[in-house]
Amino acid sequence: VAAQGIEISMPRYVRVNTLKISRSEALKSLKQLTDSVREDDLIPDLLILPAGTDLHKHALVLDGSLVLQGKASCMPAPVLDPRPDWEVIDACAAPGNKTVHLATLMKGKGRIYACEVDSKRVLRLRETVKIAGASNVEVHHGDFLKIDPKKLPYSKVRGILLDPSCSGSGTKVQRLDHLLPSNTTGSQKDDAEKQRVEQLAQFQERALLHALGFPAVERVVYSTCSIYQRENEGVVQAVLPQAFAHGFRLATALPNWPHRGLPVFDGAHHLVRTDSERDQMDGFFVALFVRKKGGATEVE
Ligand code: SAM
């Protein structure tokens, strides 16, 4: 009940799929539903409706013109900021919300290789891409870690969005797990969770290092819906020496967003954090690596 309470108090965010409909058309249509629809001031084409507005069966949602996507989840694609003629990889793509967001930012041009390892989730990814009309997306069913960065077409990729499996601790329902009945004791649960998070973080580090190793890549975005330091600042900090060696620096993601990374290393102010209760959206984390022309550098 408590989990539902928090969820319901959050505004309803909906992203306009500009491959199918203009923002003004979407606004006009939604205004027939409620007068209090407004535009988000941070994420272009994101609209905000009152908490509890049910749009699941709205015709524009069913036909892919509107995407029900929280504000935090809409942050990584604009941070990657791909040019329309780029080739990019969405490394861990299903169900595909960020893939089709990238497709709209690239105006349906260029090429997005959307990689997903799980055979059930890849079906969902294909469906998302189809309904969004994202014809510049090529779905790759396989393990991102096994993609050879030196082979075409991947050797030409200039942007990578990496939103890997994570603890999901930033989502409201998960954060309130502890309210649910269970046979396990608190400390057993804590140990199991710690172990799970450590395993996830090790995978996240490997995937991020793999992304930073693509020869033509200029921008890499790493994001999670976790609130744990280990999966967020911990992962970024662990890969920094190799990131520098590849000529990357940390750049400031969403400079106008006030809430930054935990100050556990110099440069954490470049990172973005959101908090579900404070910010009325999922707890989320975003980091941006940009390749500095001319070699390795220190964190600014
Ligand atoms: N970015 C997605 C979105 O916004 O719709 C959500 C991605 S979800 C957090 C992580 C996804 O990565 C899962 O679907 C998972 O199956 C997939 N995944 C995990 N390990 C992978 C790997 N080694 N290669 C490719 N996909 C992987």
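Descriptive notes on the structure:
- Per-region count, the stretch 250-300, residues modelled with pLDDT of 90 or more, assigned to a loop (DSSP other than H, G, I, E, B) and among the small types (Gly, Ala, Ser): 4
- Only one entry of ASP143, ASP90, ASP81, ASP148 meets the criterion of being of a type in the set (D, E, K, R), touching a helix residue (DSSP H, G or I) at 6+ places or on another chain (Cβ under 9 Å) and within 12 Å of the ligand (Cβ to nearest atom), and that entry is ASP90.
- Filtered by the rule that a residue be in a helix (DSSP H, G or I) and in contact with a strand residue (DSSP E or B) (Cβ under 9 Å, 6 or more places away or on another chain), the stretch 76-102 gives PRO76, ALA77, VAL79, LEU80, ASN97, LYS98, THR99, VAL100, HIS101, LEU102.
- Residues within the stretch 32-67 that are closer than 30 Å to VAL157 by Cα, aliphatic (A, V, I, L, M) and surrounded by 15 or more Cβ atoms within 10 Å (Cβ to Cβ), tallied: 4
- The numbered conditions (1) assigned to a loop (DSSP other than H, G, I, E, B); (2) more than 30 Å from GLN242 (Cα to Cα); (3) modelled with pLDDT under 95; (4) of a type outside the set (A, V, I, L, M, F, W, C) are all true for LYS107 except (3).
- Check on SER182, more than 11 Å from the ligand (Cβ to nearest atom), modelled with pLDDT under 95 and surrounded by fewer than 20 Cβ atoms within 10 Å (Cβ to Cβ): yes
The values are calculated or read from the model by the stated rules, or taken from the named source; none is laboratory data. The model shown is predicted, which means the values in this text are computed figures rather than measured ones. Every residue, glycine as well, gets a Cβ built from its backbone with ideal geometry; the counts of neighbours run over all protein chains shown.
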